[in-house]
Amino acid sequence: MTDSRIEISFTLNRRPVTLRVDPRSRLLDLLRYDLGLPGTKEGCGEGECGACTVHLDGVPVNSCLVPAWQVRDRAVLTIEDTAEAAVERMLDAGTTQCGACTPGVVMTARWLEANPRLLERFSARHLMAGNLCRCTGYDGIIDGIEIPVPDREEA
Amino acid sequence: MRVDLATSFEEALRIKAERSDVVPVAGGTDLLVHWPDAHALQERDWLDLSALTELSHIHFEPDTVVLGALATYWDVIQDQRFRALPLLPAAAATVGSLQIQTRGTWAGNIANASPAADGVPALMVYDAEVQLASTSGRRSVPLADFYHGYKQLEARPEELIESIRVPLRPHDFENFTKVGSRAAQAITKVGMAVAHSAAGWRIVANSMAPTVRRCRTLERLVESGGTVDSPDGLLSAIRADVNPIDDIRSTAAYRERVFSRLLYQTLLPACSSFS
């Protein structure tokens, strides 16, 4: 059998990486099995649940729907890059029970926190709708997102 | 599985001309679903278009909007210029979730040819044209004429979609309606897009026929000013335009009943011939 693997270079959690990928690998497989970063979870494998959410060039994507070779020359951020404080905040808000959805929830929440102006046009619940949680419900998730609220001090 | 990673659109066109059976992929949000079990697709050869930044543009020209083939749903949702074509962001917002919208492309929605596509009716109701390219030239096809049957495209095997052109016209009526099992993350059971401009009425149905379909009999009925005093008054025109089926998501009877009522309720405030 010939080696049909494809050499790609990309930026993973702010560091350059070069490796050969199986053409059948998804970004999710690349992260978990080739690069040993099991923080990104596989839930449904069909782009519904958001457990596998990572940032690709700064926007949330389902890594189960991205062929690994599509991340060449791009930047990927995973849950492993996340500051502990951001995860702690989610835990304190009562967001986590089984924990399968949590890495994806945190990655979408991080993007929302980095782009707070989106909340002038879209609700946090709407933007978080691609991350399904079957244990705790969604109030805790929304509470765990640190959103700058200009009026908070006056209220 | 062989993968060609195109570095320019011209290179992609050459590959498509030489091996027209390659699977073009951009966002991958349909092709990669349940990928570990997608053995037939894994046997195919693939052509990756995702790095062709020359196709990711959105240009607002004086009377046309041009969506490059890599323009995503999210590109349109977050671009406030699309207030001029509000059914495009409205439809985009119903496609999957944010994580799908950041990857899925309008051109992919057209090429994937699902009868339940949500982006296609919004484009079709605005008279969008599909710009096709091959090594032998370019041509433009009205999206309303792009489908010949279930997954049967007007595009020739050697052609790729380069862009989508949407006329910018003032509309005095626009509506996009999607009925699914839930508000979010659902595939359409019954859908429609309706618009009126100086060009006349446009009515497009999805999940009601083997393709997304422009409903010309219904358009003529509405244009003619013929009296419609109940949803059932639309049924003969609906039956001339579409032919819904029973499938895992719904039944033909439900689809026809819901479509007739939604269309009647949608047009009632806009048409004096409706009562």
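Which value results for Rg/Rh of the stretch A:6-80 when Rg is the Cα radius of gyration and Rh the Kirkwood radius based on the inverse mean 1/r?
Across the stretch A:6-80, the Cα-based Rg/Rh ratio is 0.92.
Could you give the angle, 0 to 90 degrees to the nearest 10, between helix A:102-114's Cα long axis and the longest principal axis of the Cα atoms of chain A?
Rounded to the nearest ten degrees, it is 70.
Based only on other Cβ atoms within 10 Å, what is the fewest-to-most ordering of B:TRP106, A:TRP111?
Ordered from fewest to most neighbouring Cβ atoms within 10 Å, B:TRP106, A:TRP111 come out as A:TRP111, B:TRP106.
Taking 1 over the mean of 1/r across every pair of different Cα atoms in chain B, what Kirkwood radius in Å do you get?
Evaluated on chain B, it is 19.3 Å.
Taking neighbour counts of Cβ atoms within 10 Å as a proxy for exposure, in what order, fewest first, do B:SER260, B:SER140, B:SER97 appear?
Fewest-to-most Cβ neighbours within 10 Å comes out as B:SER140, B:SER260, B:SER97.
Kindly provide the pair-distance distribution of the stretch A:1-129 built from C-alpha pairs, with 10 Å bins from 0 and whole-percent values in order of increasing distance.
Pair shares across the bins are 13, 43, 32, 11, 2, 0.
For the stretch B:171-267, what are the per-bin percents of Cα-Cα distances with bins 5 Å wide, up to the bin holding the maximum?
3, 13, 25, 27, 18, 9, 4, 1
Along each of its three principal axes, how wide is the spread of alpha-carbon positions in the stretch A:81-144, in whole angstrom units, largest first?
Sorted from largest, the Cα extents of the stretch A:81-144 read 32, 24, 16 Å.
Any chance you could list the semi-axes, whole Å, largest first, of the equivalent ellipsoid that the Cα gyration tensor gives for the stretch B:94-222, using √(5λ)?
Square roots of five times the eigenvalues give 22, 19, 14 Å.
Run lengths n ≥ 4 of DSSP H only: what is the helix-derived mean residue ellipticity at 222 nm for the protein assembly as shown, with -39500 (n - 2.57) per run over all residues, to the nearest 500?
Calculated at 222 nm, the ellipticity per residue is -6500 deg cm²/dmol.
Which residue, B:GLN185, B:GLN78, B:GLN152, has the most motion in a Gaussian network model of chain B that connects Cα atoms within less than 10 Å?
Taking springs between Cα atoms under 10 Å, the residue moving most is B:GLN78.
For B:LYS189, go through the lysines and keep the ones whose alpha-carbon is under 19 Å away, minus same-chain ones fewer than eight residues off.
Excluding near neighbours in sequence, the set is B:LYS151, B:LYS178.
Give the calculated FRET efficiency between B:LEU41 and B:THR227 to the nearest 0.05, with a Förster radius of 45 Å applied to their Cβ-Cβ distance.
0.30
When the Debye formula is applied to the Cα atoms of the stretch B:9-75, each taken as the same point scatterer, what base-10 log of I(q)/I(0) results at q = 0.19, 0.26 Å⁻¹?
-0.86, -1.15
Enter the mean number of other protein chain beta carbons within 10 Å of the beta carbon of each residue in A:43-49, as an integer.
Taking all residues of A:43-49 together, the mean is 5.
So how do B:TYR126, B:TYR254 line up by other beta-carbon neighbours within 10 Å, fewest first?
Neighbour counts put them in this order, fewest first: B:TYR254, B:TYR126.
Rounded, prolate or oblate: which fits the stretch B:3-123, taking a ≥ b ≥ c as square roots of the Cα gyration tensor eigenvalues, rounded meaning a/c under 1.5, else prolate when a/b beats b/c?
It comes out oblate by the Cα gyration axes.
Pairing the Cα long axis of helix B:9-18 with the longest principal axis of chain B, what angle in degrees results, from 0 to 90 and rounded to the nearest 10?
Approximately 80 degrees, to the nearest 10.
Roughly how far apart, in whole Å, are the Cα centres of the stretch A:19-58 and the stretch B:216-263?
Their Cα centres are 43 Å away from one another.
Would you mind checking the tilt of helix B:252-267 against the longest principal axis of the Cα atoms of chain B, expressed as 0 to 90 degrees and rounded to 10?
On a 0 to 90 degree scale, this one is about 70.
Using alpha carbons only, how many angstrom separate the centre of the stretch A:64-108 from the centre of the stretch B:114-162?
With the stretch A:64-108 and the stretch B:114-162 each reduced to a Cα centre, they are spaced 37 Å.
For the stretch B:235-275, state the average projected area of the convex hull of the C-alpha atoms over all orientations, rounded to one decimal in nm².
One quarter of the hull surface, i.e. the mean projection, equals 3.2 nm².
Just need log10 I(q)/I(0) for the protein assembly as shown at q = 0.08, 0.10, 0.12, 0.13 Å⁻¹, Debye formula, equal scatterers on the alpha-carbon atoms, no solvent, rounded to two decimals.
The computed values of log10 I(q)/I(0) come out as -0.48, -0.75, -1.04, -1.19.
Once you have the Cα-Cα distance between B:LEU168 and B:SER236, take 0.36 nm times their residue separation minus that, and quote the gain in nm to one decimal. Kindly include the intermediate steps, with their values, before the conclusion.
Details: separation 68, 0.36 × 68 = 24.48 nm, distance 3.22 nm.
Working it through step by step, the gained length comes to 21.3 nm.
Values quoted throughout were computed directly from the atomic coordinates according to the rules given, and no laboratory measurement underlies them. Given the structure is predicted, the values throughout are model-derived calculations rather than measurements. FYI the Cβ positions are ideal-geometry reconstructions off the backbone, even for glycines, and counts take in every protein chain you see.
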